[in-house]
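A short write-up of the structure that comes next.
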Amino acid sequence: MIAFPARTLVEGSAEGLLTLWSVPLSFWGGYDSRTGQVIDRSHPAFGSEVAGRILAMPSGRGSSSASSVLAEAIRYGTAPAGIILSQPDPIITVGAIVAARLYGKACPVVVCEADVMARLAAESHVSIAAGLDVAQIRTR
């Protein structure tokens, strides 16, 4: 197992299959919170499902309303199990925080360096452990 350092945006722990995108996604208009499917026809992952997976991407994209779509997906159980970003994203962070507070469901969100994201490309399964002081991304 290899552990990579990360910075916590939203606390929690998760593990699962890794979905790694080089293109950001806007949850608003790009993600169906009822099905967990990418519905943005211009996104390379159009049609794929990320429910229960660890989603890694550079950042979010788009409207501040994306936080409500992510929060609803977390509520429905169709959201990623955890999110890894290479740039902090306040909209994704707010969506995960709102879901934790309103619904008691965690979707940890962490930020890692670009070189860590590049190394994750070779992995298929990862876990996130995100606490107040320390966060790690672990591979099998």
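None of the figures in this text is laboratory data; all of them are computed from the coordinates on show. Keep in mind it's a predicted model, so treat the numbers as computed, not measured. Because the Cβ atoms are built from the backbone with ideal geometry, glycine has one as well, and the counts that use them run over all protein chains shown.
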Q. Is it the case that some residue within region 118-129 is closer than 25 Å to SER68 by Cα and aliphatic (A, V, I, L, M)?
A. yes
Q) Counting just the residues of region 88-114 that are of a type outside the set (Asp, Glu) and in a loop (DSSP other than H, G, I, E, B), which one comes out surrounded by the fewest Cβ atoms within 10 Å (Cβ to Cβ)? A) GLY104
Q: Working only within region 96-140, note down all residues that are β-branched (Val, Ile, Thr) and in contact with a strand residue (DSSP E or B) (Cβ under 7 Å, 6 or more places away or on another chain).
A: ILE97, VAL109, VAL110, VAL111, VAL116, VAL126, ILE128, ILE137, THR139
(Q) For region 6-24, give me each residue that is in a strand (DSSP E or B) and touching a Lys or Arg at 6+ places or on another chain (Cβ under 6 Å). (A) GLY16, LEU17, THR19
Q | Within region 1-58, considering residues that are of a type in the set (S, T, N, Q) and closer than 20 Å to LEU132 by Cα, the one surrounded by the fewest Cβ atoms within 10 Å (Cβ to Cβ) | A | SER13
(Q) Given the criteria closer than 20 Å to ALA3 by Cα and either surrounded by fewer than 22 Cβ atoms within 10 Å (Cβ to Cβ) or in contact (Cβ under 8 Å) with a residue 24 or more places away in the chain (or both), does SER127 qualify? (A) yes
Q) Just a yes or no: is a residue in region 74-87 of a type in the set (S, T, N, Q), in contact with a helix residue (DSSP H, G or I) (Cβ under 7 Å, 6 or more places away or on another chain) and surrounded by fewer than 22 Cβ atoms within 10 Å (Cβ to Cβ)? A) yes
Q | Residue in region 23-46 that is closer than 22 Å to GLU123 by Cβ and among the polar types (S, T, N, Q) present | A | no
